[in-house]
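First the structure, in the form of structure tokens, and then the observations on it.
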Amino acid sequence: MSEERGIAIERLDGAGTEAAVPALTEILRDAVANGASVGFMDFSTSTDFERFWLGIAEQVRAGDVVLFVARGPEGIVGTAQLHPVGKPNQPHRAEIAKVLVHSRARRRGIGEALMRAAEAAALAMGRDLLVLDTDEAGAARRLYNRLGWTEIGTIPRYALMPDGRDCGSTFFYKSLG
């Protein structure tokens with residue numbers, strides 16, 4: 001556990017992830033309601049979000065995903081995922097996914113704390129090359145640039161926004177070595 005600005009960053013195991021599903025579901029619902037392009041649409045339901053997190057709990061149990069949450073006095077307010085790549089020719093690489101901070105807790109350094117925890121965990125696992133993608137117009141892009149990630153380009157129309165509009169995705173990498 002790491003503490004920054006009254007927020008504890010925790011790495012959850014499978015059981016902890018399953019126990020956190022209600023809070024994680026609310027964070028994902030809030031992200032989509034606020035227009036984040038994170039794989040879900042305006043018509044997605046709480047059941048869809050819950051099903052997603054239950055799947056992540058299984059992946060955490062299997063060792064395919066490392067899940068972090070940011071917990072404050074108001075409960076879990078943020079999350080980030082580290083996906084070690086399982087291909088034999090990529091034992092040095094991992095992907096960062098679903099860095100989400102509830103709208104009521106933004107601008108408190110939580111996204112940065114989650115990213116630093118994920119980067120430290122990756123390095124401890126021998127994963128010194130990280131990649132991620134984000135909405136080309138989202139605030140996360142500024143965060144990744146500030147944290148020393150290298151922006152490599154944007155693919156137009158890579159995904160959709162929750163309301164169905166086209167969304168370009170900007171790809172980044174960071175070498176931790």
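The values are calculated or read from the model by the stated rules, or taken from the named source; none is laboratory data. This one's a predicted model, so the numbers in the text were calculated from it and none came from an experiment. Cβ atoms come from the backbone with ideal geometry, glycine included; neighbour counts cover every protein chain shown. The area values use the complete protein model at the heavy-atom level, side chains included, leaving out ligands, DNA and RNA. Shrake-Rupley method; radii C 1.70, N 1.55, O 1.52, S 1.80 Å.
Under a Cβ-only charge scheme (Lys and Arg +1, Asp and Glu -1), can you give me the dipole magnitude of region 120-173 about the Cα centre, in debye to the nearest 20?
Charge dipole, region 120-173, about its Cα centre: 120 debye, nearest 20.
Could you give the accessible area per residue of region 21-96, probe 1.4 Å, as a whole number in Å²?
Here the per-residue accessible area is 45 Å².
Rounded to the nearest percent, how much of the accessible area of the chain (1.4 Å probe, protein heavy atoms only) is carbon and sulfur?
Carbon and sulfur: 50 percent of the exposed surface of the chain.
How would Tyr173, Tyr144, Tyr158 rank on accessible area, largest to smallest, probe 1.4 Å?
Descending accessible area places them as Tyr158, Tyr173, Tyr144.
What label, among [x] 16.4; [y] 18.9; [z] 20.5, belongs to Kirkwood radius over Cα pairs in Å computed from the structure on display?
Among [x] 16.4; [y] 18.9; [z] 20.5, the one calculated here is [x].
Using the Cα centre of the chain as origin and beta-carbon charges of +1 (Lys, Arg) and -1 (Asp, Glu), tell me which of Gly177, Gly78, Leu67 is placed farthest towards the positive end of the dipole.
Gly177
Let me spell out the model: positive unit charges on the Cβ of Lys and Arg, negative unit charges on the Cβ of Asp and Glu, origin at the Cα centre of region 49-119. What dipole size does that give, in debye rounded to 20?
220
I'd like the accessible area for Val60: 1.4 Å probe, protein heavy atoms, all chains in place, Å² to the nearest 10.
20
To the nearest 500 deg cm²/dmol, what mean residue ellipticity at 222 nm is calculated for the chain from DSSP H runs of n ≥ 4 alone, each contributing -39,500 (n - 2.57), summed and divided by the residues?
Mean residue ellipticity at 222 nm (helix-derived): -11000 deg cm²/dmol.
Let me know the charge dipole size of the chain about its Cα centre in debye, to the nearest 20, where only the beta-carbon of Lys, Arg (+1) and Asp, Glu (-1) is charged.
Dipole of the chain, to the nearest 20 debye: 420 debye.
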